[in-house]
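**Student:** Would you mind keeping the following structure in view while I ask a few things?
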Amino acid sequence: MFRPPRPRFQQVDSDVFLIRGRLSNWVILYEDKALTVIDTGHRQEAALMQKSLAMVAARTGAQRVEALLLTHIHDAHAGSIGLVKVLAEHNVRILTSTRERSSTPTYSESAIGEQDGSRRPWHSRPIRRLWRPGQEEGIARADLNRMTSFEDDSALDVPGRPIPIPSPGHTLGHTAFFLPHQELLISGDAMVSTYPGTGHYGPQTLPAQMNDDNAAAQRTMVALLAVPAELYLPGHGPVGNLRNGRGF
Ligand SMILES: [Zn+2]
């Protein structure tokens, strides 16, 4: 019987968990028997995602997922968004920034058929392509319509009460999240701790060709380094320490 590998799992704080999938990270916050999930991992990681939810539920006693937040809509981070339909049917709130919602290309199922002339299996998935640098991405309009947006920078009314921090550059509507009581910054792809090919550990942006607006990405990273957090939980790489510039 196929058994998915155990996710690399790190309890960063009593109510904060970082899960490192094979292709990207996601974060789970616990509060009062409920969970907030930040990003979903790649769609190939759906089994790991489910397993990580079960692990956190077993450890915390959580009984439900209340919200899904998306730092941005790239396949490696929102790819298990196939879950979106399922989650929406279970009344899980799905949130991303207003700007990410409005700037992410969408497609309709009929447009795909016309454009590609064939339906490869992954076309039936909500997200159209595996993410490769410079390649256009898209998400099914129906899934975008299942999301709601947050606009301001006050704490979100979801378990863990993360504060969204607009962090444009990697994508135009990218959002990081700050947990002031735990002094944790969930930085997504606005600031990673390493990436294949970069060859070093420490706070860094993704390579320029991976950013929609690289100048903005550099400015964003300067702003994120000023957030009064001790640790950052990136979209790629291990948890990093902002005070000594290294990972654990
Ligand atoms: Zn990304």
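The values are calculated or read from the model by the stated rules, or taken from the named source; none is laboratory data. These numbers were taken from a predicted model, which means no experiment stands behind them. Using ideal geometry, Cβ is built from the backbone for each residue, glycine included, and neighbour counts are taken over all protein chains shown.
Rundown of residues vs (1) farther than 23 Å from residue 164 by Cα; (2) surrounded by fewer than 24 Cβ atoms within 10 Å (Cβ to Cβ); (3) under 15 Å from the mean Cα position of the chain (by Cα), yes/no style:
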residue	(1), (2), (3)
26	no, no, yes
30	no, yes, no
33	no, yes, no
51	yes, yes, no
54	yes, yes, no
63	yes, yes, no
67	no, yes, yes
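**Student:** What are the residues in segment 24-62 that are among the charged types (D, E, K, R) and outside any loop (DSSP other than H, G, I, E, B), if any? Write out each step before concluding.
**Tutor:** Taking segment 24-62 as the starting set, the residues that turn out to be among the charged types (D, E, K, R) are 31-33, 39, 43, 45, 51, 59.
Across segment 24-62, the qualifying residues are 31, 43, 45, 51, 59.
**Student:** Counting only residues that are closer than 23 Å to residue 40 by Cα, touching a residue at least 12 places away in the same chain (Cβ under 8 Å) and not β-branched (Val, Ile, Thr), how many does segment 184-208 have?
**Tutor:** Taking segment 184-208 as the starting set, the residues that turn out to be closer than 23 Å to residue 40 by Cα are 184-196, 203-207.
Then keep just the ones that are touching a residue at least 12 places away in the same chain (Cβ under 8 Å); that gives 184-195, 203-207.
Right, trim to not β-branched (Val, Ile, Thr) and you get 184-185, 187-191, 193, 195, 203-204, 206-207.
Residues in segment 184-208 being closer than 23 Å to residue 40 by Cα, touching a residue at least 12 places away in the same chain (Cβ under 8 Å) and not β-branched (Val, Ile, Thr): 13 in total.
**Student:** Here is a further query. If we scan segment 15-23, do we find a residue that is outside any strand (DSSP E or B) and modelled with pLDDT of 95 or more?
**Tutor:** Yes; the residues of segment 15-23 include at least one that is outside any strand (DSSP E or B) and modelled with pLDDT of 95 or more.
**Student:** Moving to a separate point now. Just give me the residues in segment 216-248 being part of a loop (DSSP other than H, G, I, E, B) and within 16 Å of the ligand (Cβ to nearest atom), in sequence order.
**Tutor:** 235, 236, 237
**Student:** Another question, if that's okay. Considering only residues of segment 178-203 that are of a type in the set (A, V, I, L, M) and within 13 Å of the ligand (Cβ to nearest atom), which is nearest to residue 10 (Cα to Cα)?
**Tutor:** So, considering only residues that are of a type in the set (A, V, I, L, M) and within 13 Å of the ligand (Cβ to nearest atom), the one nearest to residue 10 (Cα to Cα) is 192.
**Student:** Return the residues of segment 216-248 that are on the phi > 0 side of the Ramachandran plot and either within 19 Å of the chain's Cα centre (by Cα) or surrounded by 17 or more Cβ atoms within 10 Å (Cβ to Cβ) (or both); say none if nothing qualifies.
**Tutor:** 237
**Student:** I'd like the residue in segment 164-183 that is in contact with a strand residue (DSSP E or B) (Cβ under 8 Å, 6 or more places away or on another chain) and surrounded by fewer than 17 Cβ atoms within 10 Å (Cβ to Cβ) and, out of all such residues, is farthest from residue 232 (Cα to Cα).
**Tutor:** 180
**Student:** Find the residue count for segment 204-215, including only residues that are buried (at least 21 other Cβ atoms within 10 Å of the Cβ) and away from the ligand (no atom under 12 Å from the Cβ).
**Tutor:** 0
**Student:** I need a count of the residues in segment 157-179 that are more than 14 Å from residue 211 (Cα to Cα) and in a loop (DSSP other than H, G, I, E, B).
**Tutor:** 6
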